[in-house]
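Undergrad: My structure is below; once you've seen it, I'll send some questions.
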Amino acid sequence: MLANFSPSADDLLRFSPEIILTVAGTLLMVLDPLFARRLPKLFGHLSILALILAIAGAAGANSVPGSSFSNLLVVDGFATFFRFLVLAIGILTVLASYRYLDLEAAETGEYHALLLFSIVGQCLMVAANDLIMIFIGLEISSIATYILAGYLRNDRRNNEAALKYFLLGSFATAFLLYGVAMIYGVTGTTKLDEIRTALNSPAASSSFGMVAVAAALMFVGLGFKVSGAPFQIWAPDVYQGAPAPVSAFMATGPKAAAFAIFFRIFLTAFQQIAGGWEPLVWISALLSMTIGNFAALTQTNLKRMLAYSSIAHAGYVLVALAAHSDIGTAAAMFYLAAYALMNIGAFAVVIHMSGKGERHVKIEDLAGLGKRQPVTAAMLTVFLMSLIGIPLTGGFFGKFYIFEAALQSNLVWLTVLGLLNSAVAAYYYLRLLVVMYMYEPGEVANNIEPLTPGLRAALILPAIGTFFLGVLPGVVLGFAQRSATLGH
Amino acid sequence: MNLLDLLIAIPGIGFILTLLIPRKQEQAIRTFTLGISLLTFVLSLGLATGYQTGQAGQQFVTDTVWIANPEIHWHVGIDGLSLWLIILSTFLTPIAILISWRYIKDRAKEFFAFLILLEFGLVGVFAAWDLFLFYVFWEIVLVPMYFLIGIWGHDRRIYAAVKFFLYTMAGSVLMLVAIIFIYNRAGTFDYAAILSGLESGKIMLTHGEETFLFLAFFVAFAIKVPLFPLHTWLPDAHVEAPSAGSLMLASVMLKMGTYGLVRFCLPMFPTAARENAPWIIILAIIGIVYGALVAMVQPNMKKLVAYSSVSHLGFVVLGIFSFTQMGLDGAVYQMLNHGISTGALFVLVGFMYERRHSLAISDYGGVATAAPWLSTIFLITTLASIGLPTLNNFVGEFLVLQGTAQANFIWTVFAALGVILSACYMLWMYQRVFFGELSEEVKHHMPDFNAREWACMIPLVVMMVWMGVYTQTFLPPVTEANAKILDQSKGNVPLRVALPHAAGGNAHAR
């Protein structure tokens, strides 16, 4: 049968976020030589506009759920949730970038175009129903992010970060691709739902070893992308070296999308062999939480500390995966949203503090911020409370819900160890509060400039969001619960 | 929205409004927060007048859905147990604000805002009837206290604040595991529903599960109480905190632990509570004696009062785990007494620190000559604290000892030792500080009470006497609530928990 190559209106609508962002990204590249000197802020404004349009597009796509392009893409609640999330992360990243790019005199269309392309990749990933499609989305997202990590090309740390990220990232992608190839060899398809059906059939049991190896290979590849232990080694170096707004983006956007495909692949295609991969995820979750939290205890560099903390938080989400239930999926979705808000907010404070060339990224540089800029300090306090998991913040409710899911799946020890881990984590987050409020103002705090409008928005919006998720979690959680039906 | 909701909402809204006042307007901030706390206190008296003894169950109930799925309710209500603890919180908050009136100069806005936030959390903790809601308030209380100690405390404040936070946090995450576990079993966070489910056998827990859950709750509460040997955060936190922080910490926050024991550990896990009672009681008695002995050798007044808290709270735990009506009544009464009299001691020590800028006992002497009124009030408070008849602590200690004697006389003997020791260390401190030679420094830096300080102390002294001579005002609701809790905590274990082989044998029988 010949495939029909003219997409229907519904197909286009389902694909509209990607279309909008691709057009906008290309437009930004064209506009770059015209406006880079005269209107450097224009690119940021246009990106935000494009992202808002894309959110509208994603909402439109959600009104016609279903699969498109020969079942390569599927627009369901799960995809829509993550599309909203990565698009919102994009907006916050742009807001947090204004000041940074201004200081570094590096405001170009290129930066924003790369950001938009990366988000295109993530939108594709989360809506993909096919391993090849997932791979393409992952590559679009990753390659744009590799370049962003080394965006300030004269900065040595940027170069190191980009190179490390690229080399290790390609290596991990190769693992993933290897797994895809083996699965294709066993089942003869790359569509997730068809793989599931094939694995359910009695014929599949004869090639169980092959499937197991394939799943393990994909686990390695995805584990790298979400910076779960023992594949987390790259994360601290890369997050520390990359430009601060890019680190904020990497720790949230690509990570959320990678988790989305992690869940989609393992809960759709590999649901049948969950008993086999659950122990792997269990170990990886515990290792991530423990390594992340204990390594963060001794850090002196803020970005590096946040990198380790992001490893620990990946561990919490892996706990939700280990639960492999609908509640677990919903919990992970909620948590990733809460985590994105609190993490971008915390990075926005780092951007605000760091100054040109990121000179002030030590924890001590926060000294006395509570006296000099109480509002900024209060915002960071909100994010830290959420990272610790204090009630009335999104971080608490997310953590609660993840461990609720884990206990429902009888992961008692993982729950106990995970929550004890979060008590350890409280120590290094508290240290920031100590430095900020209980030390006398240092040179950095005394000379700090007032918040720019972009950064202010990048602080206040996540703070409002964090409280919203903590006080009225029902809205987002309800959406997540309705969408978290991958296993059926 | 009923009165109880208002009592939680007013400090909550007050906190947000305080943050909106410009920070230069310090006088306005102080007056506003004082107004909020007084309003809350006056309204909270409505709980006492509206409370109907003899009507079983909770009163002033509001129960609405907060989060639809998982189903979490805004379920608040009070019984005789929480009634007075809520009023204690609202009673002491204005005093905490008043004693900080001049003392806090740095970042006054945050300080007073945090005090109001603390009140919000405390009232919520004692009012919550939904386990999730309880946990939310339980954790919220940590945040303002952490900052109160860490920002406005004394020299080692950072160490003390972090230690305080981490200790409590470590305990409470275990409680969170237990809460989630119960939810998964019961399908609800609603405490009343869980209790009736447990009672009717709809929710079945194996013996191992019950013990695990009991211990998870117990450790969280025992850290907060604090029970020996989990008490080490307390001297640091109390000594380093500013007066208002010490006051709220000692008077109300420690009671969160003992309240939790009575409210949750006894009724939910009756068998485990009785089985584990022997070693808990031993720890409580060690705490009583050890706290008193350590208090005796302290060179620092605040540290002395802090260790005396360890001793006094040991009494409370002893009373709770005696499983007698009198012991439990005494324990709850002692929670309130300790709140009043130890709170007053911290306030007075704070006043003296403001004058002399020292907490060391050796820096004082002869204060009675320089400041007779201060000395008189201090003496009354001291006597109350050591349990002189007609003052409040006597009633509580007596009831605890009598209840304990009903269960096991040996315990009473050791516990009574604590009463004697408390007289030793308190009176000895009083002698060294207030009598003796009047030094020049003390003479010139020890004015007597001013009007504001009188306003703080008079209500406290009135309460000491009132609670000492007319217990009828306070005890009937407490007794009623305790009777119900005792009834719920009748596991199928013999009452004589002292005999370990009896408890063990029963465990096999299950």
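Undergrad: Restricting to segment B:47-70, give me the number of residues that are among the small types (Gly, Ala, Ser) and either in contact with a Gly (Cβ under 7 Å, 6 or more places away or on another chain) or part of a loop (DSSP other than H, G, I, E, B) (or both).
TA: The total comes to 4.
Undergrad: Right, another one. Examine segment A:377-390 for a residue that is touching a helix residue (DSSP H, G or I) at 6+ places or on another chain (Cβ under 6 Å), within 22 Å of B:Phe181 (Cβ to Cβ), in a helix (DSSP H, G or I) and more than 10 Å from chain B (Cβ to nearest Cβ), and state whether such a residue exists.
TA: Within segment A:377-390 (the criterion being touching a helix residue (DSSP H, G or I) at 6+ places or on another chain (Cβ under 6 Å), within 22 Å of B:Phe181 (Cβ to Cβ), in a helix (DSSP H, G or I) and more than 10 Å from chain B (Cβ to nearest Cβ)), the answer is no, since none of the residues qualifies.
Undergrad: Can you tell me which residue among B:Ile180, B:Ile158 is surrounded by fewer than 22 Cβ atoms within 10 Å (Cβ to Cβ), within 9 Å of chain A (Cβ to nearest Cβ) and more than 27 Å from B:Gly14 (Cα to Cα)?
TA: Among B:Ile180, B:Ile158, only B:Ile158 is surrounded by fewer than 22 Cβ atoms within 10 Å (Cβ to Cβ), within 9 Å of chain A (Cβ to nearest Cβ) and more than 27 Å from B:Gly14 (Cα to Cα).
Undergrad: Criterion first (touching a residue at least 60 places away in the same chain (Cβ under 8 Å), of a type in the set (A, V, I, L, M, F, W, C) and more than 10 Å from chain A (Cβ to nearest Cβ)) does B:Val252 satisfy it?
TA: Against the criterion (touching a residue at least 60 places away in the same chain (Cβ under 8 Å), of a type in the set (A, V, I, L, M, F, W, C) and more than 10 Å from chain A (Cβ to nearest Cβ)), B:Val252 qualifies.
Undergrad: Among the residues of segment A:453-461, is there at least one that is modelled with pLDDT of 90 or more, closer than 25 Å to A:Ala330 by Cβ, in a helix (DSSP H, G or I) and away from every other protein chain (no Cβ under 14 Å)?
TA: Checked segment A:453-461: at least one residue is modelled with pLDDT of 90 or more, closer than 25 Å to A:Ala330 by Cβ, in a helix (DSSP H, G or I) and away from every other protein chain (no Cβ under 14 Å).
Undergrad: Quick one: B:Pro229 ticks every box in (1) assigned to a helix (DSSP H, G or I); (2) in contact (Cβ under 8 Å) with a residue 12 or more places away in the chain bar one, so which box is it?
TA: Every listed condition holds for B:Pro229 apart from (1).
Undergrad: Report yes if A:Phe397 is within 13 Å of chain B (Cβ to nearest Cβ) and either crowded, with 22+ Cβ neighbours inside 10 Å or within 28 Å of A:Glu364 (Cβ to Cβ) (or both), otherwise no.
TA: Criteria met by A:Phe397.
Undergrad: Tell me whether segment A:416-428 contains one or more residues that are more than 10 Å from chain B (Cβ to nearest Cβ) and within 23 Å of the chain's Cα centre (by Cα).
TA: Yes, segment A:416-428 contains at least one residue that is more than 10 Å from chain B (Cβ to nearest Cβ) and within 23 Å of the chain's Cα centre (by Cα).
Undergrad: Still on this model: Identify, by number, the condition in (1) crowded, with 24+ Cβ neighbours inside 10 Å; (2) more than 26 Å from B:Trp138 (Cβ to Cβ); (3) acidic (Asp, Glu) that B:Glu354 doesn't meet.
TA: In the conditions (1) crowded, with 24+ Cβ neighbours inside 10 Å; (2) more than 26 Å from B:Trp138 (Cβ to Cβ); (3) acidic (Asp, Glu), B:Glu354 misses (1) alone.
Undergrad: May I ask you to list the residues in segment B:183-200 that are closer than 30 Å to B:Met145 by Cβ and within 10 Å of chain A (Cβ to nearest Cβ)?
TA: B:Tyr183
Undergrad: Is at least one residue of segment B:190-201 in a helix (DSSP H, G or I), surrounded by 19 or more Cβ atoms within 10 Å (Cβ to Cβ) and without any contact (Cβ under 8 Å) to a residue 60 or more places away in the chain?
TA: Taking every residue of segment B:190-201 in turn, none turns out to be in a helix (DSSP H, G or I), surrounded by 19 or more Cβ atoms within 10 Å (Cβ to Cβ) and without any contact (Cβ under 8 Å) to a residue 60 or more places away in the chain.
Undergrad: Would you confirm, using the coordinates I've provided, whether B:Leu7 is touching a Ser or Thr at 6+ places or on another chain (Cβ under 9 Å), in a helix (DSSP H, G or I), of a type in the set (A, V, I, L, M) and within 23 Å of B:Asp329 (Cβ to Cβ)?
TA: No.
Undergrad: Right, here's the next one. Given the structure, is A:Phe334 farther than 30 Å from A:Glu278 by Cβ and either without any contact (Cβ under 8 Å) to a residue 12 or more places away in the chain or within 23 Å of the chain's Cα centre (by Cα) (or both)?
TA: Here the answer is no, as A:Phe334 does not meet what is asked.
Undergrad: Something else now. Please give the number of the condition B:Ile203 fails out of (1) within 14 Å of chain A (Cβ to nearest Cβ); (2) at pLDDT below 90.
TA: (1)
Undergrad: While we're on this one: Considering B:Met175, B:Met145, which residue is more than 9 Å from chain A (Cβ to nearest Cβ), at pLDDT 90 or above and under 22 Å from A:Ala405 (Cα atoms)?
TA: Step by step, each of B:Met175, B:Met145 is checked, and only B:Met175 is more than 9 Å from chain A (Cβ to nearest Cβ), at pLDDT 90 or above and under 22 Å from A:Ala405 (Cα atoms).
Undergrad: Please determine, by comparing only the residues of segment A:400-415 that are in a helix (DSSP H, G or I) and more than 9 Å from every other protein chain (Cβ to nearest Cβ), which one is farthest from A:Ala314 (Cα to Cα). Reasoning before the result, please.
TA: Filtering segment A:400-415 for residues in a helix (DSSP H, G or I) gives A:400-408, A:412-415.
Now restrict to residues that are more than 9 Å from every other protein chain (Cβ to nearest Cβ): A:402, A:405, A:413-414.
Numbers: A:Ile402: 12, A:Ala405: 16, A:Trp413: 18, A:Leu414: 14 Å.
Among those residues, the one meeting the criterion is A:Trp413.
Undergrad: Out of (1) surrounded by 24 or more Cβ atoms within 10 Å (Cβ to Cβ); (2) more than 24 Å from A:Pro462 (Cα to Cα), the odd one out for A:Ser70 is which?
TA: Every condition holds for A:Ser70 apart from (1).
Undergrad: Next question. Could you please give the count of residues in segment B:267-276 that are crowded, with 23+ Cβ neighbours inside 10 Å and either within 19 Å of B:Gly330 (Cα to Cα) or among the small types (Gly, Ala, Ser) (or both)?
TA: 3
Undergrad: Would you check which residues across segment A:355-376 are β-branched (Val, Ile, Thr) and either within 13 Å of another protein chain (Cβ to nearest Cβ) or in contact with a Cys (Cβ under 9 Å, 6 or more places away or on another chain) (or both) and list them?
TA: Residues of segment A:355-376 that are β-branched (Val, Ile, Thr), as a first pass: A:361, A:363, A:375-376.
If the condition is that a residue be β-branched (Val, Ile, Thr) and either within 13 Å of another protein chain (Cβ to nearest Cβ) or in contact with a Cys (Cβ under 9 Å, 6 or more places away or on another chain) (or both), then A:Val375 is the only one that fits.
Undergrad: If you don't mind, there's one more thing I want to ask. In segment A:161-177, which residues are of a type in the set (D, E, K, R) and surrounded by fewer than 18 Cβ atoms within 10 Å (Cβ to Cβ)?
TA: Within segment A:161-177, the subset of a type in the set (D, E, K, R) is A:164.
If the condition is that a residue be of a type in the set (D, E, K, R) and surrounded by fewer than 18 Cβ atoms within 10 Å (Cβ to Cβ), then no residue fits.
Undergrad: So, one more: Look at segment A:436-452 and say how many of its residues are surrounded by fewer than 21 Cβ atoms within 10 Å (Cβ to Cβ) and either within 14 Å of chain B (Cβ to nearest Cβ) or within 23 Å of the chain's Cα centre (by Cα) (or both).
TA: 4
Undergrad: Among the residues of segment B:71-86, is any outside any strand (DSSP E or B), more than 19 Å from the chain's Cα centre (by Cα) and at negative phi?
TA: The answer is yes, given that some residue of segment B:71-86 is outside any strand (DSSP E or B), more than 19 Å from the chain's Cα centre (by Cα) and at negative phi.
Undergrad: Among the residues of segment B:43-60, is any buried (at least 24 other Cβ atoms within 10 Å of the Cβ), of a type in the set (A, V, I, L, M) and either facing chain A (nearest Cβ under 10 Å) or in contact with a helix residue (DSSP H, G or I) (Cβ under 7 Å, 6 or more places away or on another chain) (or both)?
TA: No; the residues of segment B:43-60 include none that is buried (at least 24 other Cβ atoms within 10 Å of the Cβ), of a type in the set (A, V, I, L, M) and either facing chain A (nearest Cβ under 10 Å) or in contact with a helix residue (DSSP H, G or I) (Cβ under 7 Å, 6 or more places away or on another chain) (or both).
The values are calculated or read from the model by the stated rules, or taken from the named source; none is laboratory data. Predicted, not measured: the structure shown is a model, and the values here were computed from it. Note that we place each Cβ from the backbone using ideal geometry, even for glycine, and neighbour counts take in every protein chain shown.
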